[in-house]
Amino acid sequence: MNSCRNASCRQLFKGLNILPIQSQNIYSILLFVTKNKDQFLSNSQVHKINTRQTSDLYVPTENLTICQKGVCYSGIKIYSHLPMAIKDLSDDKNKFKLSSKQYILQNSF
């Protein structure tokens with residue numbers, strides 16, 4: 001693919017289906033959360049009130065920055081920001097991998 005030296009790589013990466021490094025980190029964190037979903041609480045387990053976020057994972061209150069930058073805490077935040085259609089596929093690993101990778105490719109971070 002021909003491009004200028006100063007051109008952004010974002011469109012090239014999309015064309016070649018390559019995830020940038022930051023997006024690769026997000027993708028691997030999402031896979032970690034879905035593999036270990038039994039270790040996390042959902043909002044429906046914590047609160048008995050039926051809200052829009054009942055399917056999201058419960059975000060524990062952490063005061064330390066080192067805990068907030070950890071994989072578990074950031075994984076919960078990233079997973080909660082996924083569209084509902086992708087979250088529903090979290091039980092089927094292959095479909096979840098494909099749909100989440102396509103979502104991250106389209107919305108490059």
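Calculate the FRET efficiency for Lys69 and Ser8 from the Cβ-Cβ distance with a Förster distance of 22 Å, rounded to the nearest 0.05. Approximately 0.20, to the nearest 0.05. Relative intensity of the chain on a log10 scale, I(q)/I(0) at q = 0.14 Å⁻¹, equals -0.64, per a Debye sum over C-alpha point scatterers of equal strength in the absence of solvent. Compute the acute angle (0 to 90°) between the alpha-carbon long axis of helix 71-80 and the principal axis of greatest extent of the alpha-carbon atoms of the chain; round to the nearest 10°. Tilt of helix 71-80: around 90 degrees. Annotation: amide H-H contacts under 5 Å for Tyr58 (H modelled 1.01 Å from N, sequence separation of 5 or more, or interchain): Leu41, Ser42, Asn43.
Each reported figure results from applying straightforward, stated rules to the coordinates on display, with no laboratory input. All values reported here derive from a predicted model rather than from experimental measurement. Cβ: placed from backbone, ideal geometry, glycine included. Neighbour counts: every protein chain shown.
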